[in-house]
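Below is one structure, written out as structure tokens; the observations come after it.
All of the numbers you see were taken from the coordinates with simple rules; none came from a lab. Since this is a predicted model, take the numbers as computed values, not measurements. As a convention, Cβ positions derive from the backbone with ideal geometry for all residues, glycine included, and neighbour counts pool all protein chains shown.
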Amino acid sequence: MNASTRLAAQRAAGKRLTGKQTRDRLWFTIHSWIGLKLSLLMTFILATGTIAVFSYEIDWLLNPEMRATERIAVNEVAWGAAFDSMRREYPEYRPLNLSRFQDNWFALQMLAQGSGGELVRVWFNPADGANLGMTSFFNVQRLFRELHRHLMLPLYIGIPLVTVLAFPLLISLVAGFVVYKKFWRGLFKRPRFGRKPRIWNGDLHRLLGLWGSWFIALIAITSIWYFVEQLGGRAPPFPAAEKEMADRNVALPRNFDGVAIALALQNARRELPGLEPGRILFPGNAGAPLTIQGELSAMLVRPRANGVHIDPANGEVLGSYRGEELDSHTRISEASDPLHFGYFGGIGTKLLWFILGLMMTAMSVTGIWINAARLKRSWLAAATFSPADFRRSA
């Protein structure tokens, strides 16, 4: 008999509850109320977030343009050839950034903007920069990101609405441990699938909650951080260029080409030895530098946490920053996405995060079932009206 069943039996027998039992009852009520009121929305957000972990891989399966023809090392990526191919094949589009994915079976992606403001993705073979085709900016990854992040609502409405659920999620986790006495005994307790659905659903709910508790706490904490950021607690921008650039009238000089990119990459690696370039940000106006970002030595940061600013006119280094040198506020901000989506360890951690996400989604579904069964019992009890009840009410 679990804690909630014991408390219900004592109340039915007319026994007075102790202070500790009253607190347990309160925590159980909180846990049940959160599950009753928020489970449907929580299930949707958890399910879309779980799929979002592998959304790029789904796009890779659906779009042959995204597939590299051969796998190559990081230092062999043909960045310059890809840029030249872009200028040659799509001269009407303005390049915004050129990036490579964490896994080497992906093609290089050029995010570009057309004359009408539309965004597209252009794909290039990493080995030789050959053009592999163009796809829409809106894809499976964008669909699930926008559903999970802000329910496709305006950002100032959707993000707070989604991330505020982290608070009841964390409270529900604490309440579950308070109500589930000696919870460690249930770590290896198999659900009683041979019993009624209400029983085995409860067993499965508790088992998933125990094994996934650390992950639930991690997701809740990172979501609370997103909530804080949306309400004005964003980290300061990355360090800007320290030197002035040569005067120019356009964002990119007219003669800027793949050779200029190769020079910029060479100087960036000299500035930050060991840098593995992951993205080249092209200047948006005549006063902005070209920025090369990538992986270095800092742990649990986005690839953008290491960067070198380059003057596109002559390849001169204008300034740089390393992940280890960023302030604590920025380091926390940069760690939130790798921890929330689990891509910090490659395909292995992404697979683990996907499984844990399925567990959280299953917990939410079983919570809906448990509360639906409890409501059904309450409604049936309220609907039972005997002749004796009628006489007493008359």
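What is the Cα centroid distance between the stretch 143-182 and the stretch 50-127, reported in whole angstrom?
33
Could you tally up the Lys pairs in the chain with alpha carbons closer than 27 Å? Skip any pair fewer than 8 positions apart unless they're on separate chains.
The number of close lysine pairs in the chain is 15.
Mean separation of Cα pairs under 8 Å and 6+ residues apart, divided by the residue count of the stretch 238-326: what relative contact order is that in percent?
Computed over the stretch 238-326, the figure is 33 percent.
Whole-Hz Karplus ³J(HN,Hα) for the stretch 238-245, in order, using 6.51 cos²θ - 1.76 cosθ + 1.60 and θ = phi - 60°, x for Gly and Pro?
3J(HN,Hα) across the stretch 238-245, in whole Hz: 5, x, 7, 4, 8, 10, 7, 8.
Over the chain, what relative contact order in percent results from Cα pairs under 8 Å that are six or more residues apart?
Reported relative contact order: 19 percent.
Quick one: dipole size for the stretch 137-289, taken about the Cα centre, charges +1 on Lys/Arg Cβ and -1 on Asp/Glu Cβ, in debye to the nearest 20.
Using Cβ point charges on Lys, Arg, Asp and Glu, the stretch 137-289 gives about 1460 debye.
Go ahead and estimate [θ] at 222 nm for the chain from helices alone: -39,500 (n - 2.57) per DSSP H run with n ≥ 4, summed, over the residue count, rounded to 500.
That calculation yields -16500 deg cm²/dmol at 222 nm.
By count of other Cβ within 10 Å, fewest leading, how are 143, 98 ordered?
143, 98
When 234, 254, 322 are ordered from fewest to most other Cβ atoms inside 10 Å of their Cβ, what list results? List each step's numbers first, then the result.
On the way: 234 12, 254 8, 322 17.
The most exposed by this proxy come first: 254, 234, 322.
In 10 Å bins starting at zero, report the fraction of Cα pairs in the chain per bin as a rounded %.
The distribution over the chain is 4, 18, 24, 21, 13, 9, 6, 3, 1, 0, given as percents.
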